[in-house]
1. Output the number of residues of the stretch 152-173 satisfying the condition of being closer than 19 Å to Val59 by Cβ and free of Cβ contacts under 8 Å to residues at least 12 places away in the same chain.
2. Which number in (1) away from ligand 2 (no atom under 15 Å from the Cβ); (2) in contact (Cβ under 8 Å) with a residue 40 or more places away in the chain; (3) closer than 20 Å to Thr234 by Cβ; (4) not hydrophobic (A, V, I, L, M, F, W, C) marks the one condition that Glu149 misses?
3. Across the stretch 222-241, which residue is most open to solvent (accessible area, probe 1.4 Å) among those that are in contact with a Phe, Trp or Tyr (Cβ under 7 Å, 6 or more places away or on another chain) and over 22 Å from Phe188 (Cα atoms)?
4. Could you please give the count of residues in the stretch 80-90 that are away from ligand 4 (no atom under 15 Å from the Cβ) and over 15 Å from the mean Cα position of the chain (by Cα)?
5. Filter the stretch 127-144 down to residues that are over 21 Å from the mean Cα position of the chain (by Cα) and either at pLDDT below 95 or under 11 Å from Glu95 (Cβ atoms) (or both), then give me how many there are.
6. Quick check: is even one residue across the stretch 236-248 away from ligand 1 (no atom under 16 Å from the Cβ) and either of a type in the set (D, E, K, R) or within 29 Å of Asp159 (Cα to Cα) (or both)?
7. Check the stretch 49-59 and report whether any residue there is charged (D, E, K, R), part of a helix (DSSP H, G or I) and farther than 19 Å from Glu122 by Cβ.
8. Restricting to the stretch 187-196, and then to whatever is more than 16 Å from ligand 1 (Cβ to nearest atom) and buried (at least 16 other Cβ atoms within 10 Å of the Cβ), can you tell me which residue is modelled with the highest pLDDT?
Amino acid sequence: AKSAGRNCYQFFTQKIADAMKEKLDIQDQIAKALENQEFYLMFMPIYSSQTLAIESLEVLLRSTNPLLNKVGPEKFIPVAESTGLIKKIDLWVVEQALKKLHEFNQTINYQNTFSINMSSVELHNKEFPLKVGELIQKYHINPKQLDLEVTETSLTTYDKNSIQVLNELKALGLSLSLDDFGTGYTAFNQLIHYPVDHLKIDRSFVAALNTEDEKNHSMLEIIISMSSIYGLKTVAEGVETQQQLDYLIELGCDYLQGYYLSKPLIEADLLQLLASQSKQ
Ligand code: C2E
Ligand code: CA
Ligand code: CA
Ligand code: CA
């Protein structure tokens, strides 16, 4: 039994050592990727539930770096957040996205929005709203075409500084979305402190629709009806089936996003999709 205990201990220390090694590797590759332009953007359409027309494009970060490509943003973004590299990434994404938005305005008369993810780290970065403002000017962007997404969990403790950063961003004329809503513990009456326009309902709530459990259905119903009372638009993430789509439309969810409607697209595929939609 003693040796089994020791094996178990060795097993866990090995696991921890592997995880630390992987994190350091990811950190190195992020720095390298920033230097060598190994990042690019993909675009995921967000649809109006009324017309099923594309209303916005969520910008998603990708990398050609083999390790970063393998682990994906779900893993490398948190590593970047724990090392400070995230500030460079966020600004890189905002700049590339605004450059692209300007280009789409000119070339295909794109008039909808871009939704860009910002890390919760920026909520403590007073420079961030200034930098975003400069980039909006540099690329001649109408701020009405810009939406920034920030995760709900980053706002669960009331914090004056974060609210100030959000207010300064709002003052630029853009809109704000609370991402992954429902995974934190924000009470609806807390929401009035945050200058947000949209709630993006986490895809776990949409996935839960597949089960028979009525509780899951009523959660979505409550979020959507409370949102309209508070004057917030709702976006459902992770729509993967026709049944989910039908139900969300019936509930009056404003916007829909998910693999059933479209996966994240590279620019060439996006342009093809936008061209085919404008012909309809
Ligand atoms: P998120 O902001 O919640 O983005 C949605 C993620 O869910 C995307 O994964 C998207 O591909 C995936 N998704 C959307 N619809 C469906 C669906 O119907 N089914 C399934 N199974 N998945 C769906 P992705 O691109 O891997 O991004 C993961 C996370 O990484 C994002 O979560 C976001 O938190 C972060 N991230 C991505 N790009 C950026 C970025 O440019 N900057 C920052 N700061 N974070 C980013
Ligand atoms: Ca998002
Ligand atoms: Ca989300
Ligand atoms: Ca997420």
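1. The qualifying residues number 0.
2. Condition not satisfied by Glu149: (1).
3. Glu240
4. 6
5. Within the stretch 127-144, residues that are over 21 Å from the mean Cα position of the chain (by Cα) and either at pLDDT below 95 or under 11 Å from Glu95 (Cβ atoms) (or both) number 3.
6. Scanning the stretch 236-248, I find no residue that is away from ligand 1 (no atom under 16 Å from the Cβ) and either of a type in the set (D, E, K, R) or within 29 Å of Asp159 (Cα to Cα) (or both), so the answer is no.
7. No, the stretch 49-59 contains no residue that is charged (D, E, K, R), part of a helix (DSSP H, G or I) and farther than 19 Å from Glu122 by Cβ.
8. Selected residue: Tyr194.
The values are calculated or read from the model by the stated rules, or taken from the named source; none is laboratory data. As the structure is a computational prediction, the values presented were derived from the model and not from experiment. Reconstructed Cβ throughout: ideal geometry from the backbone, glycine too, with neighbour counts over all protein chains shown. The accessibility values were calculated without ligands, DNA or RNA, using every heavy atom of the protein model including side chains. Shrake-Rupley method; radii C 1.70, N 1.55, O 1.52, S 1.80 Å.
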